[in-house]
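Working notes, structure below.
The values are calculated or read from the model by the stated rules, or taken from the named source; none is laboratory data. As the structure is a prediction and not an experimental result, all values here were calculated from the model. Please note: Cβ atoms are built from the backbone with ideal geometry, for glycine as well, and neighbour counts cover all protein chains shown. Remember, those area values only see protein heavy atoms, side chains included, never the ligands or the DNA or RNA. Shrake-Rupley method; radii C 1.70, N 1.55, O 1.52, S 1.80 Å.
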Amino acid sequence: MIPDEPRSPHPGSPSNSDGPVSSDYDVLVVEDDQDCREVLCSLLSLEGYRVQGAASGAEALDVLAKMDEPPRLVFLDLVMPGMSGFDFLSEMRRDPTLTEIPVVMHSGMSEQPYFGTRPGVAHWLQKPARLDDLLAITRQLTP
Amino acid sequence: MNPDFPVFPAALEAEPWPACVLDMNGRIVGVNGAWDRIARASNGPLGIEVVGTRWSAHITGAELRAWYETLLHRVLDRGAGESLRCDCNTPERYRLFSSRFEPLRRRPSSETVGVLVLTSLIEEAPIGERYPLGTPDELRYRCADGLVRQCSGCRRVRVAGPPPAVWELVPEYVATPRQDVSHGICRLCREIYYGMLPKEEP
(Lines give C-alpha, C1' and ligand atoms only; values in the text may rest on other atoms or scores of the structure.)
Protein backbone atom coordinates (compact mmCIF):
# COMPACT_ATOMS: atom_id res chain seq x y z
CA MET A 1 0.00 0.00 0.00
CA ILE A 2 1.58 3.21 -1.09
CA PRO A 3 1.26 5.45 2.00
CA ASP A 4 2.15 2.72 4.43
CA GLU A 5 5.23 1.26 2.82
CA PRO A 6 8.42 2.60 4.30
CA ARG A 7 10.02 4.83 1.74
CA SER A 8 11.94 8.03 1.44
CA PRO A 9 9.71 10.92 0.46
CA HIS A 10 10.48 12.54 -2.85
CA PRO A 11 8.57 14.97 -5.03
CA GLY A 12 5.65 13.49 -6.88
CA SER A 13 5.32 10.46 -4.68
CA PRO A 14 2.90 9.70 -1.88
CA SER A 15 4.62 9.76 1.43
CA ASN A 16 4.50 7.57 4.44
CA SER A 17 3.45 9.14 7.70
CA ASP A 18 5.67 6.67 9.52
CA GLY A 19 8.73 7.59 7.49
CA PRO A 20 10.97 10.60 7.67
CA VAL A 21 9.12 13.90 7.35
CA SER A 22 10.32 16.33 4.75
CA SER A 23 10.22 20.00 5.54
CA ASP A 24 8.39 20.99 2.40
CA TYR A 25 5.16 19.19 1.71
CA ASP A 26 2.32 20.83 -0.16
CA VAL A 27 -0.55 18.81 1.21
CA LEU A 28 -1.21 16.94 4.43
CA VAL A 29 -3.88 14.24 4.21
CA VAL A 30 -5.34 13.32 7.59
CA GLU A 31 -7.46 10.24 7.01
CA ASP A 32 -7.85 7.09 9.07
CA ASP A 33 -9.04 4.93 6.19
CA GLN A 34 -6.00 3.48 4.52
CA ASP A 35 -7.59 3.21 1.08
CA CYS A 36 -8.94 6.75 1.11
CA ARG A 37 -5.60 8.05 2.29
CA GLU A 38 -3.76 6.10 -0.36
CA VAL A 39 -6.09 7.28 -3.13
CA LEU A 40 -5.84 10.93 -2.10
CA CYS A 41 -2.07 10.78 -1.76
CA SER A 42 -1.67 9.03 -5.08
CA LEU A 43 -3.99 11.30 -7.04
CA LEU A 44 -2.42 14.47 -5.68
CA SER A 45 1.07 13.12 -6.17
CA LEU A 46 0.29 12.34 -9.78
CA GLU A 47 -0.58 16.01 -10.16
CA GLY A 48 2.85 16.94 -8.85
CA TYR A 49 1.95 17.82 -5.28
CA ARG A 50 4.21 16.66 -2.49
CA VAL A 51 1.89 14.83 -0.15
CA GLN A 52 2.19 13.59 3.39
CA GLY A 53 -0.35 11.21 4.90
CA ALA A 54 -1.35 10.78 8.52
CA ALA A 55 -3.66 8.08 9.86
CA SER A 56 -5.00 10.05 12.84
CA GLY A 57 -5.24 13.53 14.25
CA ALA A 58 -2.54 12.80 16.79
CA GLU A 59 -0.23 11.51 14.10
CA ALA A 60 -0.94 14.56 11.97
CA LEU A 61 -0.04 16.91 14.84
CA ASP A 62 3.19 14.99 15.24
CA VAL A 63 3.88 15.32 11.53
CA LEU A 64 3.18 19.07 11.63
CA ALA A 65 5.52 19.48 14.58
CA LYS A 66 8.33 17.90 12.57
CA MET A 67 7.81 20.05 9.49
CA ASP A 68 10.07 23.07 9.03
CA GLU A 69 7.45 24.75 6.85
CA PRO A 70 3.70 24.17 7.22
CA PRO A 71 1.87 22.49 4.36
CA ARG A 72 -0.11 24.65 1.97
CA LEU A 73 -3.29 22.63 2.40
CA VAL A 74 -4.79 20.03 4.74
CA PHE A 75 -7.35 17.42 3.74
CA LEU A 76 -9.08 16.36 6.91
CA ASP A 77 -11.39 13.46 7.63
CA LEU A 78 -14.14 14.12 10.15
CA VAL A 79 -14.78 10.81 11.90
CA MET A 80 -11.57 9.17 13.04
CA PRO A 81 -10.72 7.07 16.07
CA GLY A 82 -9.45 9.10 19.00
CA MET A 83 -9.22 12.70 17.88
CA SER A 84 -12.00 13.77 15.52
CA GLY A 85 -11.37 16.07 12.60
CA PHE A 86 -12.78 19.01 14.52
CA ASP A 87 -10.61 18.17 17.54
CA PHE A 88 -7.56 18.10 15.31
CA LEU A 89 -8.56 21.39 13.73
CA SER A 90 -8.86 23.07 17.12
CA GLU A 91 -5.47 21.74 18.19
CA MET A 92 -3.82 22.75 14.95
CA ARG A 93 -5.21 26.29 15.11
CA ARG A 94 -3.68 26.77 18.55
CA ASP A 95 -0.31 26.97 16.84
CA PRO A 96 -0.03 30.53 15.48
CA THR A 97 2.08 29.31 12.57
CA LEU A 98 -0.72 27.02 11.39
CA THR A 99 -3.74 29.28 11.61
CA GLU A 100 -3.71 30.29 7.96
CA ILE A 101 -3.51 26.83 6.39
CA PRO A 102 -6.70 26.16 4.42
CA VAL A 103 -8.45 22.98 5.54
CA VAL A 104 -10.73 20.89 3.36
CA MET A 105 -13.07 18.63 5.31
CA HIS A 106 -13.26 15.34 3.43
CA SER A 107 -16.14 13.37 4.75
CA GLY A 108 -18.54 10.58 3.83
CA MET A 109 -21.63 12.51 4.78
CA SER A 110 -22.70 15.92 3.64
CA GLU A 111 -22.08 17.30 7.11
CA GLN A 112 -22.35 20.90 6.12
CA PRO A 113 -26.11 20.92 6.65
CA TYR A 114 -25.62 19.22 10.01
CA PHE A 115 -22.82 21.32 11.39
CA GLY A 116 -23.07 24.56 9.49
CA THR A 117 -20.04 26.51 8.48
CA ARG A 118 -17.09 25.87 10.76
CA PRO A 119 -14.43 28.49 11.30
CA GLY A 120 -11.25 27.48 9.59
CA VAL A 121 -12.88 25.11 7.12
CA ALA A 122 -12.23 26.38 3.63
CA HIS A 123 -14.28 23.75 1.87
CA TRP A 124 -16.34 20.61 2.36
CA LEU A 125 -15.72 17.73 0.01
CA GLN A 126 -17.97 14.74 0.13
CA LYS A 127 -16.48 11.28 -0.28
CA PRO A 128 -15.99 9.75 -2.71
CA ALA A 129 -14.85 13.03 -4.24
CA ARG A 130 -14.93 13.39 -7.98
CA LEU A 131 -11.44 13.65 -9.32
CA ASP A 132 -12.21 16.94 -11.06
CA ASP A 133 -13.54 18.47 -7.84
CA LEU A 134 -10.61 17.23 -5.83
CA LEU A 135 -8.07 18.72 -8.17
CA ALA A 136 -9.98 21.96 -8.70
CA ILE A 137 -10.21 22.60 -4.98
CA THR A 138 -6.58 21.74 -4.46
CA ARG A 139 -5.50 24.12 -7.22
CA GLN A 140 -7.77 26.84 -5.89
CA LEU A 141 -6.44 26.59 -2.36
CA THR A 142 -2.77 26.19 -3.26
CA PRO A 143 -2.23 29.11 -5.64
CA MET B 1 -29.66 14.29 -32.87
CA ASN B 2 -27.54 13.19 -35.78
CA PRO B 3 -29.42 14.51 -38.87
CA ASP B 4 -28.13 11.60 -40.95
CA PHE B 5 -29.77 9.01 -38.74
CA PRO B 6 -32.94 7.82 -40.44
CA VAL B 7 -35.18 7.12 -37.45
CA PHE B 8 -35.78 9.08 -34.28
CA PRO B 9 -39.26 8.67 -32.79
CA ALA B 10 -40.67 12.15 -32.31
CA ALA B 11 -42.83 10.93 -29.43
CA LEU B 12 -39.70 10.43 -27.34
CA GLU B 13 -39.64 14.12 -26.56
CA ALA B 14 -42.85 13.75 -24.59
CA GLU B 15 -41.45 10.90 -22.50
CA PRO B 16 -40.74 11.98 -18.92
CA TRP B 17 -37.77 9.63 -18.56
CA PRO B 18 -34.47 9.56 -20.42
CA ALA B 19 -34.24 7.84 -23.75
CA CYS B 20 -31.50 7.53 -26.31
CA VAL B 21 -31.16 6.14 -29.80
CA LEU B 22 -28.16 4.04 -30.77
CA ASP B 23 -26.91 3.22 -34.22
CA MET B 24 -25.91 -0.27 -35.33
CA ASN B 25 -22.48 0.23 -33.81
CA GLY B 26 -23.86 1.07 -30.39
CA ARG B 27 -23.08 4.77 -30.69
CA ILE B 28 -25.53 7.31 -29.30
CA VAL B 29 -27.05 9.34 -32.11
CA GLY B 30 -29.62 11.25 -30.09
CA VAL B 31 -31.27 11.70 -26.71
CA ASN B 32 -34.60 13.13 -25.65
CA GLY B 33 -35.19 16.22 -23.56
CA ALA B 34 -35.65 14.25 -20.35
CA TRP B 35 -32.09 13.01 -20.66
CA ASP B 36 -30.64 16.43 -19.88
CA ARG B 37 -33.14 17.09 -17.11
CA ILE B 38 -32.20 13.87 -15.34
CA ALA B 39 -28.50 14.39 -16.08
CA ARG B 40 -28.51 17.82 -14.47
CA ALA B 41 -30.24 16.45 -11.38
CA SER B 42 -27.80 13.58 -11.01
CA ASN B 43 -24.58 15.22 -12.24
CA GLY B 44 -24.55 12.89 -15.21
CA PRO B 45 -23.31 13.67 -18.73
CA LEU B 46 -25.54 15.88 -20.86
CA GLY B 47 -26.81 14.84 -24.24
CA ILE B 48 -24.33 17.04 -26.05
CA GLU B 49 -21.54 15.19 -24.25
CA VAL B 50 -22.74 11.67 -25.04
CA VAL B 51 -23.94 11.95 -28.63
CA GLY B 52 -21.34 10.30 -30.82
CA THR B 53 -19.92 8.19 -28.02
CA ARG B 54 -20.45 4.49 -27.44
CA TRP B 55 -23.42 3.92 -25.17
CA SER B 56 -21.67 1.11 -23.34
CA ALA B 57 -18.75 3.40 -22.51
CA HIS B 58 -21.01 5.11 -19.98
CA ILE B 59 -21.64 1.89 -18.06
CA THR B 60 -19.37 1.50 -15.08
CA GLY B 61 -17.75 -1.85 -14.45
CA ALA B 62 -16.28 -4.20 -17.03
CA GLU B 63 -18.61 -7.09 -16.28
CA LEU B 64 -21.76 -4.99 -16.39
CA ARG B 65 -20.57 -3.29 -19.55
CA ALA B 66 -19.99 -6.65 -21.24
CA TRP B 67 -23.41 -7.85 -20.12
CA TYR B 68 -25.16 -4.83 -21.62
CA GLU B 69 -23.15 -5.09 -24.82
CA THR B 70 -24.28 -8.68 -25.19
CA LEU B 71 -27.86 -7.62 -24.68
CA LEU B 72 -27.48 -4.86 -27.25
CA HIS B 73 -26.02 -7.23 -29.84
CA ARG B 74 -28.83 -9.67 -29.18
CA VAL B 75 -31.44 -7.00 -29.84
CA LEU B 76 -29.71 -5.95 -33.05
CA ASP B 77 -29.13 -9.50 -34.27
CA ARG B 78 -32.61 -10.77 -33.54
CA GLY B 79 -34.46 -7.58 -34.29
CA ALA B 80 -36.57 -8.21 -31.19
CA GLY B 81 -36.94 -5.95 -28.18
CA GLU B 82 -35.97 -6.83 -24.64
CA SER B 83 -36.62 -5.26 -21.28
CA LEU B 84 -35.21 -5.56 -17.82
CA ARG B 85 -35.99 -4.23 -14.38
CA CYS B 86 -33.63 -3.04 -11.70
CA ASP B 87 -33.67 -1.18 -8.39
CA CYS B 88 -32.10 2.25 -8.27
CA ASN B 89 -32.74 3.36 -4.70
CA THR B 90 -31.89 6.37 -2.59
CA PRO B 91 -31.59 6.20 1.20
CA GLU B 92 -35.18 7.41 1.37
CA ARG B 93 -36.87 6.01 -1.72
CA TYR B 94 -37.27 2.60 -3.28
CA ARG B 95 -37.32 2.97 -7.05
CA LEU B 96 -37.89 0.23 -9.57
CA PHE B 97 -36.89 1.11 -13.11
CA SER B 98 -37.63 -0.61 -16.38
CA SER B 99 -35.27 -0.34 -19.31
CA ARG B 100 -36.55 -1.19 -22.78
CA PHE B 101 -34.35 -1.96 -25.73
CA GLU B 102 -36.38 -1.75 -28.91
CA PRO B 103 -35.00 -2.19 -32.41
CA LEU B 104 -35.69 0.77 -34.70
CA ARG B 105 -36.62 -0.05 -38.27
CA ARG B 106 -36.49 1.99 -41.40
CA ARG B 107 -39.83 2.19 -43.19
CA PRO B 108 -41.01 0.56 -45.32
CA SER B 109 -38.12 -1.88 -45.64
CA SER B 110 -38.17 -2.89 -41.96
CA GLU B 111 -34.40 -2.90 -41.99
CA THR B 112 -33.08 -2.54 -38.45
CA VAL B 113 -31.06 0.67 -38.22
CA GLY B 114 -30.59 1.11 -34.50
CA VAL B 115 -31.91 0.61 -31.00
CA LEU B 116 -34.05 2.73 -28.75
CA VAL B 117 -33.11 2.60 -25.07
CA LEU B 118 -35.87 3.94 -22.84
CA THR B 119 -35.72 3.94 -19.07
CA SER B 120 -38.88 4.45 -17.03
CA LEU B 121 -39.69 4.59 -13.37
CA ILE B 122 -42.38 2.01 -12.78
CA GLU B 123 -42.61 1.88 -9.01
CA GLU B 124 -41.59 4.16 -6.18
CA ALA B 125 -42.17 3.86 -2.45
CA PRO B 126 -40.59 4.84 0.86
CA ILE B 127 -37.56 2.63 1.30
CA GLY B 128 -38.84 1.36 4.64
CA GLU B 129 -41.86 -0.20 2.97
CA ARG B 130 -39.65 -2.41 0.82
CA TYR B 131 -36.77 -2.94 3.18
CA PRO B 132 -38.01 -2.77 6.77
CA LEU B 133 -35.21 -1.79 9.09
CA GLY B 134 -34.06 -3.91 11.98
CA THR B 135 -31.17 -3.60 14.38
CA PRO B 136 -27.76 -4.18 12.84
CA ASP B 137 -25.43 -6.70 14.42
CA GLU B 138 -23.07 -4.20 16.00
CA LEU B 139 -20.48 -6.79 16.96
CA ARG B 140 -20.23 -7.95 13.38
CA TYR B 141 -19.32 -4.50 12.07
CA ARG B 142 -17.74 -2.55 14.92
CA CYS B 143 -13.96 -2.44 14.72
CA ALA B 144 -11.62 -2.60 17.70
CA ASP B 145 -11.31 1.20 17.70
CA GLY B 146 -15.06 1.51 18.21
CA LEU B 147 -15.93 2.73 14.73
CA VAL B 148 -17.89 1.13 11.90
CA ARG B 149 -16.28 1.42 8.47
CA GLN B 150 -18.66 2.29 5.65
CA CYS B 151 -17.81 2.70 2.00
CA SER B 152 -18.59 6.26 0.98
CA GLY B 153 -19.45 5.08 -2.54
CA CYS B 154 -21.77 2.08 -2.23
CA ARG B 155 -22.52 2.53 1.49
CA ARG B 156 -21.73 -1.07 2.31
CA VAL B 157 -20.13 -1.62 5.71
CA ARG B 158 -17.01 -3.63 6.35
CA VAL B 159 -17.25 -6.73 8.46
CA ALA B 160 -14.87 -6.34 11.39
CA GLY B 161 -11.93 -8.65 11.22
CA PRO B 162 -8.68 -9.32 9.44
CA PRO B 163 -8.22 -9.04 5.65
CA PRO B 164 -9.49 -9.78 3.13
CA ALA B 165 -12.13 -7.12 3.59
CA VAL B 166 -15.75 -8.23 3.38
CA TRP B 167 -18.34 -5.53 2.66
CA GLU B 168 -22.05 -5.99 3.29
CA LEU B 169 -25.05 -3.83 2.55
CA VAL B 170 -26.81 -3.11 5.83
CA PRO B 171 -29.87 -0.94 5.21
CA GLU B 172 -29.83 0.40 8.76
CA TYR B 173 -26.44 2.00 8.21
CA VAL B 174 -27.59 3.48 4.93
CA ALA B 175 -30.81 4.90 6.28
CA THR B 176 -29.47 6.64 9.35
CA PRO B 177 -26.31 8.77 9.39
CA ARG B 178 -24.32 8.01 12.53
CA GLN B 179 -21.45 9.71 14.26
CA ASP B 180 -19.65 6.43 14.93
CA VAL B 181 -19.30 5.56 11.25
CA SER B 182 -16.03 6.31 9.54
CA HIS B 183 -16.21 6.52 5.78
CA GLY B 184 -13.69 4.84 3.58
CA ILE B 185 -13.87 3.25 0.18
CA CYS B 186 -14.24 -0.39 -0.77
CA ARG B 187 -12.15 -2.13 -3.37
CA LEU B 188 -14.89 -2.02 -6.00
CA CYS B 189 -15.73 1.66 -5.54
CA ARG B 190 -12.06 2.53 -5.50
CA GLU B 191 -11.78 1.04 -8.96
CA ILE B 192 -15.05 2.56 -10.15
CA TYR B 193 -14.35 6.09 -8.94
CA TYR B 194 -10.61 6.31 -9.38
CA GLY B 195 -9.61 3.42 -11.63
CA MET B 196 -7.18 2.47 -8.94
CA LEU B 197 -6.89 -0.88 -7.19
CA PRO B 198 -4.90 -1.40 -4.02
CA LYS B 199 -1.73 -3.37 -4.51
CA GLU B 200 -2.92 -5.75 -1.85
CA GLU B 201 -6.23 -6.40 -0.17
CA PRO B 202 -6.53 -4.04 2.82
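Quick rundown of the values:
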| read-out | value |
| --- | --- |
| Residues that are more than 14 Å from chain B (Cβ to nearest Cβ) and either open to solvent by less than 10 Å² (accessible area, probe 1.4 Å) or not in a helix (DSSP H, G or I) (or both), drawn from the range A:66-87 | A:M67, A:D68, A:E69, A:P70, A:P71, A:R72, A:L73, A:V74 |
| Criterion: out of contact with any strand residue (DSSP E or B) (no Cβ under 7 Å at 6 or more places or on another chain) and either outside any loop (DSSP other than H, G, I, E, B) or modelled with pLDDT of 90 or more (or both) - qualifying residue of B:L72, B:L64, B:L84, B:L76 | B:L64 |
| Per-region count, the range B:15-56, residues in contact with a helix residue (DSSP H, G or I) (Cβ under 9 Å, 6 or more places away or on another chain), at pLDDT below 90 and of a type in the set (G, A, S) | 2 |
| Any hit, the range A:114-136, residues being crowded, with 22+ Cβ neighbours inside 10 Å, part of a strand (DSSP E or B), within 11 Å of chain B (Cβ to nearest Cβ) and in contact with an Asp or Glu (Cβ under 9 Å, 6 or more places away or on another chain) | no |
| Any chance A:I101 is assigned to a loop (DSSP other than H, G, I, E, B) and either open to solvent by less than 30 Å² (accessible area, probe 1.4 Å) or over 25 Å from B:D145 (Cα atoms) (or both) | yes |
| Residue in the range B:36-47 that is touching a Leu at 6+ places or on another chain (Cβ under 7 Å) and either surrounded by 13 or more Cβ atoms within 10 Å (Cβ to Cβ) or not assigned by TED's automatic domain parsing to the domain that holds B:S120 (or both) present | yes |
| Any chance B:A125 is at pLDDT 85 or above and either of a type in the set (G, A, S) or assigned by TED's automatic domain parsing to the domain that holds B:R93 (or both) | yes |
| Residue in the range B:177-195 that is farthest from the other protein chains (Cβ to nearest Cβ), counting only those that are open to solvent by 70 Å² or more (accessible area, probe 1.4 Å) and touching a residue at least 24 places away in the same chain (Cβ under 8 Å) | B:L188 |
| Condition broken by B:A160, with the remaining ones in (1) away from every other protein chain (no Cβ under 11 Å); (2) open to solvent by 50 Å² or more (accessible area, probe 1.4 Å); (3) among the aliphatic types (A, V, I, L, M); (4) assigned to a loop (DSSP other than H, G, I, E, B) satisfied | (2) |
| Of all residues in the range B:143-157 being of a type in the set (A, V, I, L, M, F, W, C) and open to solvent by less than 20 Å² (accessible area, probe 1.4 Å), the one that is farthest from A:M105 (Cα to Cα) | B:V157 |
| Unique residue being among the acidic types (D, E), more than 14 Å from every other protein chain (Cβ to nearest Cβ), open to solvent by 80 Å² or more (accessible area, probe 1.4 Å) and over 25 Å from B:W55 (Cα atoms) when the list is B:E138, B:E111, B:E129 | B:E129 |
| Counted residues, the range A:33-52 - those being open to solvent by 30 Å² or more (accessible area, probe 1.4 Å), in a helix (DSSP H, G or I) and more than 13 Å from A:M80 (Cβ to Cβ) | 1 |
| Of all residues making up the range A:33-62, the number that are within 11 Å of the chain's Cα centre (by Cα), closer than 18 Å to A:S90 by Cα and within 13 Å of chain B (Cβ to nearest Cβ) | 3 |
| Residue within the range A:53-65 that is under 22 Å from B:R178 (Cβ atoms) and open to solvent by 10 Å² or more (accessible area, probe 1.4 Å) present | yes |
| Selection count, the range B:163-177, where residues are in a loop (DSSP other than H, G, I, E, B) and closer than 18 Å to B:L188 by Cα | 6 |
| The one condition in (1) open to solvent by 40 Å² or more (accessible area, probe 1.4 Å); (2) in contact (Cβ under 8 Å) with a residue 60 or more places away in the chain; (3) charged (D, E, K, R) that B:D23 fails to fulfil | (1) |
